[in-house]
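Trainee: Okay, here's the structure, questions in a sec.
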Amino acid sequence: MDYGKLFKLGYYIFFMRIKKISEVLGSKVHTDLGEFFGEIEEANLGDNKIDGWKIKVGGSVIPLISGAKGVIIPHHFVKAISDIFIINKSALPNPDSGFDELADETM
């Protein structure tokens, strides 16, 4: 069964493919600069909408998150969902400001 919506705008006809959450679990995640980020593990739902995505981190991003196995990226940082996810580079933690600095500021 093909889930999709047909849009007609002027003389152009667009077909938008709608995916089920179960279809995107395990998808590869890349940043908008093309760097591999990880794989989708879960979707966080709130008020019957997708709030964020739990991503198992891999590749060159592992040192940036101080040994954590994964991160939760809010859905508004997702730029595209197709065969792969593309997320905004600003969703990544800044390597200049580590978690140690944040802990020192709160003490």
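Yes or no, residue by residue, for (1) of a type in the set (Asp, Glu); (2) modelled with pLDDT of 90 or more; (3) surrounded by 15 or more Cβ atoms within 10 Å (Cβ to Cβ):
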{"residue": "Phe7", "(1), (2), (3)": "no, no, no"}
{"residue": "Leu25", "(1), (2), (3)": "no, yes, no"}
{"residue": "Val29", "(1), (2), (3)": "no, yes, yes"}
{"residue": "Gly52", "(1), (2), (3)": "no, yes, yes"}
{"residue": "Gly70", "(1), (2), (3)": "no, no, yes"}
{"residue": "Phe77", "(1), (2), (3)": "no, yes, yes"}
{"residue": "Asp83", "(1), (2), (3)": "yes, no, no"}
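Trainee: Where the second residue is charged (D, E, K, R) and not in a strand (DSSP E or B) and the first is closer than 18 Å to Lys28 by Cα and in contact (Cβ under 8 Å) with a residue 40 or more places away in the chain and lies in region 46-60, which pairs have Cβ atoms under 6 Å and are six or more apart or on separate chains?
Mentor: none
Trainee: Let me ask another. When residues of region 29-62 are filtered for being assigned to a loop (DSSP other than H, G, I, E, B) and under 11 Å from the mean Cα position of the chain (by Cα), how many remain?
Mentor: So the answer is 1.
Trainee: Of everything in region 31-43, what is hydrophobic (A, V, I, L, M, F, W, C) and exposed (fewer than 15 other Cβ atoms within 10 Å of the Cβ)? Give them in sequence order.
Mentor: Leu33
The values are calculated or read from the model by the stated rules, or taken from the named source; none is laboratory data. Since we're looking at a predicted model, the values are computed, not measured. Because the Cβ atoms are built from the backbone with ideal geometry, glycine has one as well, and the counts that use them run over all protein chains shown.
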